[in-house]
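Report on one structure; see the data block that follows.
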Amino acid sequence: MEILRIPRIMQETSKRLIQQGKSIGFVPTMGALHNGHLSLLKRARDENAVVVASIFVNPLQFGANEDLNKYPRDLEGDIEKLKAEQTNILFLPDAKSLYPDTFQTYVSVSELSEKLCGAFRPGHFRGVTTVVNKLFNIVKPHRAYFGQKDYQQFVIIKKMVADLNMDIEVIACSTIRENDGVAMSSRNIYLSPDERKAAEIINKCLLFASQSLQSGESNLSAIKQRMSDMLKGEPLVSEVQYAGIYDPDSLDELKEIKRQNLLAIALKIGNTRLIDNMLVDIL
């Protein structure tokens, strides 16, 4: 596996690969890799000649009181995992190379970025779309892979790509879960054993709502209320930021069931913010 740190060299490498007729699959990450990330790499390897992963803990997407400095990092372990997945190139820039002192250009997807998580993390998605835009321009992928757990992020990036006429296929891959149903996340490491056990309520809540929809329940307000009650009934849940049923394209809260429905939850267990979601198709 080749490790490249300088954006210009990564860019030149990608140009050369494209000239050779090789397709590039790209998996952008912030490191602390788990099986969710590895599933993206497997999919990229199956569908492309060359797989590029990036590791960059992006300061632009962290708010003033968020966990940038303590965000989990394990570069040595990450490199071993990337090698085991036959990743061809690791792009490993530092903050100065992506955001020099003269940097002043930002990319924002306005409406979608203000909903759901955006209402609780102002500026977060502007940081995400700015860095992903830069990474796309540097790596020049044909396909880019994102986990469904960060569903809002996926929708926003897909919208950015469409609006800016970027010739990239943005692909969402299924959420990978632990045996107890908890979605894999780098932030799970913050949870104490008791908090980790309490996190099981998130998937249980999603499954309840999914089963309610599929059984023909049409009172979305009642389902939402039951979701809220379930989450707030867990003593270690310190805050429920949102829990409901949303349009998977617009991210607006639904008033009636559609063919496809997004169940989404964001909450805090102790001081750790967790998100999860589920897409439910009604046949």
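The values are calculated or read from the model by the stated rules, or taken from the named source; none is laboratory data. On a predicted model such as this, the values are computed, not experimentally measured, just so you know. All Cβ positions, glycine included, derive from the backbone under ideal geometry; neighbour counts span all protein chains shown. The protein model used for the area step is the full one, side chains on, heavy atoms only, and it has no ligands, DNA or RNA in it. Shrake-Rupley method; radii C 1.70, N 1.55, O 1.52, S 1.80 Å.
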- Note on the structure: Quick calc of log₁₀ I(q)/I(0), the chain, Debye, one scatterer on every Cα, no solvent, q values 0.10, 0.16 1/Å, result -0.55, -1.35
- Item | Rounded accessible area per residue of segment 35-131, 1.4 Å, Å² | 50
- If each K or R counts +1 and each D or E counts -1, the residues other than Phe56 whose Cβ falls under 14 Å of its Cβ total +2
- Could you list which residues have their amide H under 5 Å from that of Gly270, counting only those 5 or more apart in sequence or on another chain, with H placed in the peptide plane? Ser238
- Task: Using a 10 Å cut-off on Cβ atoms, rank the peptides 160-172, 52-64 from the highest mean neighbour count down.
- Result: 52-64, 160-172
- Task: Would you mind finding the longest exposed-site-free stretch of the chain, with exposed trypsin sites (Lys or Arg not before Pro) meaning DSSP loop and at most 11 other Cβ atoms within 10 Å?
- Result: 71-254
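Could you tell me what percent of the accessible area of the chain is made up of carbon and sulfur, with a 1.4 Å probe and every protein chain present? Write out the running numbers ahead of the final one.
On the way: 6350 of 13810 Å².
Looking at the chain in its full context, I get 46 percent from C and S.
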- How big is the antiparallel share of DSSP beta bridges in the chain, given as a percent to the nearest 5? 50
- Task: Averaging sequence separations of C-alpha pairs under 8 Å and six or more residues apart, then dividing by the length of the chain, give the relative contact order as a whole percent.
- Result: 17
- Item | Principal axes of segment 82-205: Cα extent on each, largest first, Å | 46, 38, 30
- Quick one: P(r) of segment 1-140 from all Cα-Cα pairs, 10 Å bins, percents rounded to integers, in order of increasing distance. 11, 39, 36, 14, 1
- Item | Heavy-atom SASA rank of Thr272, Thr175 (probe 1.4 Å, accessible area, largest first) | Thr175, Thr272
- Query: Given the rule -39500 (n - 2.57) for each run of at least 4 DSSP H residues, summed and divided by the residues of the chain, what is its mean residue ellipticity at 222 nm, to the nearest 500 deg cm²/dmol?
  - Reply: -11500 deg cm²/dmol
- Query: Pairs of lysine in segment 63-159 with Cα under 25 Å and at least 8 positions apart or on different chains: total?
  - Reply: 24
- Query: How much net charge surrounds Cys205 when only other residues with a Cβ under 11 Å from its Cβ are counted (Lys, Arg +1; Asp, Glu -1)?
  - Reply: 0
- Karplus couplings for segment 101-113 from phi (6.51 cos²θ - 1.76 cosθ + 1.60, θ = phi - 60°), rounded to Hz, Gly and Pro as x? 4, 8, 5, 8, 10, 10, 10, 9, 9, 5, 5, 4, 6
- Message: Please identify the DSSP H helices in the chain that span no less than 15 Å along the helix axis (Cα) and have a mean Kyte-Doolittle hydropathy of 0.0 or more.
- Response: 124-139, 151-163, 200-214
- Query: What percent does the relative contact order of segment 1-133 come to when contacts are Cα pairs within less than 8 Å and at least six residues apart?
  - Reply: 31
- Message: Can you work out the Karplus-derived ³J(HN,Hα) for every residue in segment 277-283? Use 6.51 cos²θ - 1.76 cosθ + 1.60 with θ = phi - 60°, whole Hz, and x for glycine or proline.
- Response: 7, 8, 8, 10, 8, 9, 7
- Task: Report Rg(Cα)/(2.2 N^0.38 Å) for segment 106-166, keeping two decimals.
- Result: 1.06
